[in-house]
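Structure first, then comments.
The values are calculated or read from the model by the stated rules, or taken from the named source; none is laboratory data. Because the structure is a prediction, the values reported are computed rather than measured. Neighbour counts are summed over all protein chains in view; Cβ atoms, including those assigned to glycine, are modelled from backbone coordinates with ideal geometry.
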Amino acid sequence: MINSFTQASKYITAYMGSTNDPYFSMSAPSAGMLRFNGDMRQLEVYDGTSWRTMGGTSASVSLAPDAEQAIEWAINRMEQEKEWYKLASNNEAVRIALEQLEQALTRLELTTILAKEYEQTSS
């Protein structure tokens, strides 16, 4: 049984309950009731007198290293492009270079499509 959870990646957001209330409403807990203590991040059982922590292990969730690397790359690229467009708004040379980059990317995409179609028809 899992009684705690660790967020092991900065790209995963895990929300845990922050209430000590049981999952259903009762005026007083009854022996055998279970609750997840969000503040303590553990499963508890009521023994008729007090809440007792249930034994178990903890869980850790993270992304694969390749996924984290891809996210880092994308974030860095977005920041780089934001900077380019910001500079382009005030700098003609940067604006022209960006237009040329966009045209080159369009040509690359079209050339790639044509190359793949050629490979399929020539085999």
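Only one of the numbered conditions (1) in contact (Cβ under 8 Å) with a residue 24 or more places away in the chain; (2) more than 30 Å from Ser9 (Cα to Cα) is violated by Ser62, and that is (2). Closer than 26 Å to Ser9 by Cβ, among the β-branched types (Val, Ile, Thr) and either in the same structural domain as Thr6 (by TED's automatic domain parsing) or part of a helix (DSSP H, G or I) (or both) - does that describe any residue in segment 67-80? Yes: segment 67-80 contains one or more residues that are closer than 26 Å to Ser9 by Cβ, among the β-branched types (Val, Ile, Thr) and either in the same structural domain as Thr6 (by TED's automatic domain parsing) or part of a helix (DSSP H, G or I) (or both).
Residues of segment 79-101 include at least one that is under 25 Å from Gln7 (Cβ atoms) and loosely packed, with under 12 Cβ neighbours inside 10 Å.
Only one of the numbered conditions (1) surrounded by 14 or more Cβ atoms within 10 Å (Cβ to Cβ); (2) at pLDDT 80 or above is not met by Tyr11, and that is (1). Of all the numbered requirements in (1) at pLDDT below 65; (2) not in a loop (DSSP other than H, G, I, E, B), Leu43 misses one, and that requirement is (1).
When the criteria are applied in full, Glu117 meets the requirement of being part of a helix (DSSP H, G or I) and of a type outside the set (A, V, I, L, M).
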